[in-house]
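Below: the structure, in structure tokens.
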Amino acid sequence: MQPNLMQPELKSYQYNYPLTKNDVLVCLIDKHRIYPELSQEILLASNKYGFTYGEDIDTLVKSNSNYVLRHLIVVDGLDDPESTTFDYMDVIKSFTSATIAMSYSSKQSFDSASPTVEKMKKNYSQINFLLPTQHGDKYIPSLDKLVDNAICDSVRIKYEPKCISKNIEKIFTKDIRDFFGKVSALVGKNSLFHRAETDGFISLRCPHGEGFFITCTKTSKTNIDLSRIAYVHFYDESSNLLAYSGNFLPSSDSVEASVIYSKMLNVSAILHTHASRQFTRNPTFSHKIAVPPMRYGESKLGDSLVSYFKSQDEIDMAIMEDHGELFLSTESQPHLAYQEIKRTIESNLRKAK
């Protein structure tokens with residue numbers, strides 16, 4: 001019988017304000033001990049980005065019943081995602097979200113488990129199954145992904161947010177709204193995501209100003225809510241401050257987007273997707289890998305992407321290894337930017353088949 005996973009009754013949180021250390025709990029169960037430094041790396045991240053972390057689950061969960069978010073990371077299991085998940089179901093019930101980071105003994109076992117993982121994702125939407133990285137014949141979760149998961153499934157953002165205004169209506173014109181709506185429909189139609197439809201971002205340089213519009217963090221890219229679009233005024237790398245207007249926090253990838261827009265003035269729009277099957281891990285597009293695995297939400301990744309694009313004759317598409325892809329436009333008008341991105345995606349999807 002399939003276990004019933006009930007969500008704990010905690011405050012509803014929509015990423016409309018930044019969380020503090022007392023708002024977020026991240027716990028780790030690491031049975032594999034692939035990386036002896038994993039716990040220390042997550043602890044360092046907790047101090048830098050502001051969340052409570054530990055491995056003593058019973059004590060931590062009971063010590064504070066007012067956590068807005070509770071995230072569990074489980075590093076365990078080999079080849080059998082269903083049994084591994086069910087083994088931890090009673091523990092997962094104490095959390096608002098969980099990540100299962102499994103290993104696979106071969107490509108065959110990884111491929112064979114994929115239908116089960118997809119079924120589990122649909123049945124348990126609050127559980128993330130971390131996509132492992134291939135190492136020789138084996139597939140194991142990467143250290144960087146595990147550390148980043150502690151951040152992206154909790155506080156999410158790495159920048160320091162500064163809200164200038166809640167209202168963007170005067171500059172959020174119909175042509176801009178139409179752009180976001182059409183790109184959202186494009187992402188949905190082609191299922192350009194692996195883990196969840198909230199991954200990635202849609203963005204557009206403002207035709208009337210110096211900043212750019214971007215989807216807010218934890219926003220569906222397939223059924224877009226236009227109230228969850230933010231306007232980024234600027235990002236200051238020295239202070240890690242990101243100034244924005246809107247009702248919700250801008251995408252956790254806003255830092256990379258800001259670096260690209262500021263250093264590539266011809267770029268008018270960026271779509272970031274996590275289409276692992278179609279693009280990211282498709283050998284057909286290995287020549288499009290722009291950067292090696294790097295941590296998200298940091299200016300270093302943006303700088304590396306800019307260096308790659310400036311070395312290319314065409315800047316329509318790039319893959320971030322083991323992460324996702326970017327589709328860029330240089331068309332100045334929103335409707336033309338959408339059409340250019342659409343052409344690029346459709347052309348590459350034909351190659352992917």
request  = Step through the residues of segment 86-94 one at a time and calculate ³J(HN,Hα) from phi using the Karplus curve (6.51 cos²θ - 1.76 cosθ + 1.60, θ = phi - 60°), rounding each to whole Hz and writing x for Gly and Pro.
outcome  = 5, 4, 10, 4, 5, 6, 4, 4, 8
note = Given Cβ charges of +1 for Lys and Arg and -1 for Asp and Glu, the option among Val75, Leu186, Gly54 whose Cα lies farthest towards the positive end of the dipole of the chain is Leu186
task = Would you mind computing Rg(Cα) / (2.2 N^0.38 Å) for segment 2-126, counting N as its residues?
result = 1.12
request  = Heavy atoms only, probe 1.4 Å: what % of the accessible area of segment 64-125 goes to carbon and sulfur, would you let me know?
outcome  = 45 percent
query = lysines near Lys138 by alpha-carbon distance under 16 Å, same-chain residues fewer than 8 away left out - which ones?
reply = Lys107
Size of segment 54-200 as Cα extents on the principal axes (Å, biggest first) = 54, 42, 28
query = If you wrap a convex hull around the Cα atoms of the chain, how much volume per residue is inside, in Å³?
reply = 137 Å³
query = Where does the charge balance sit around Ile176 when Lys and Arg score +1, Asp and Glu -1, over other residues with C-beta under 13 Å from its C-beta?
reply = +2
message = Could you give the length gained by full extension between Asn240 and Ser114, i.e. 0.36 nm per residue of separation minus their alpha carbon distance, to one decimal place?
response = 41.5 nm
inquiry  = Distances longer than 17 Å among the Cα atoms of segment 231-353: what percent of all pairs is that?
reply    = 57 percent
ask   = When DSSP beta bridges are limited to those with both residues in the chain, what percentage is antiparallel, rounded to the nearest 5?
value = 55 percent
ask   = Counting Lys and Arg as +1 and Asp and Glu as -1, what is the net charge of the other residues whose Cβ lies under 12 Å from the Cβ of Ser109?
value = -2
note = Checked against the positive end of the charge dipole of the chain (+1 on Cβ of Lys and Arg, -1 on Cβ of Asp and Glu, about the Cα centre), the farthest of Tyr15, Asn348, Gly209 is Gly209
key: Hz values of 3J(HN,Hα) by residue in segment 261-267 - Karplus curve (6.51, -1.76, 1.60), Gly and Pro given as x   = 4, 6, 10, 9, 5, 7, 7
ask   = Which loop GluC sites (Glu not before Pro) in segment 286-330, with loop taken from DSSP, have no more than 14 other Cβ atoms within 10 angstrom of their Cβ?
value = Glu314
key: Cleavage-rule hits, trypsin sites (Lys or Arg not before Pro), segment 246-352, DSSP coil, Cβ neighbours within 10 Å at most 12   = none
key: Probe 1.4 Å, all protein chains present, accessible-area order of Tyr296, Tyr35, largest first   = Tyr35, Tyr296
key: Where GluC sites (Glu not before Pro) fall in DSSP loop in segment 94-197, at most 10 other Cβ within 10 Å   = Glu169
note = Any residue on another chain or 5+ positions along whose placed amide H is under 5 Å from the amide H of Tyr296 is listed here as none
request  = At 1.4 Å probe size, with every protein chain present, just tell me what the per residue accessible area of segment 13-170 comes to in Å².
outcome  = 46 Å²
Computed Rg/Rh of segment 273-341, alpha carbon atoms with Kirkwood Rh = 0.97
key: Positive minus negative residues near Leu28 (Lys, Arg vs Asp, Glu; Cβ under 13 Å)   = -4
Segment 137-261 - Rg over Rh from alpha carbon coordinates, Kirkwood radius = 1.00
Phi-based couplings in Hz for segment 152-167 (Karplus 6.51, -1.76, 1.60; Gly and Pro marked x) = 5, 9, 10, 6, 6, 8, 9, 7, 8, x, 10, 7, 7, 7, 7, 9
request  = Send over a whole-number figure in Å² for the accessible area per residue of segment 259-309, probe 1.4 Å.
outcome  = 40 Å²
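The values are calculated or read from the model by the stated rules, or taken from the named source; none is laboratory data. Quick caveat, the model's predicted, so the values are computed rather than measured. Cβ sites come from the backbone with ideal geometry, for glycine too, and all protein chains shown count toward neighbours. Accessible surface areas use protein heavy atoms only, side chains included; no ligands, DNA or RNA. Shrake-Rupley method; radii C 1.70, N 1.55, O 1.52, S 1.80 Å.
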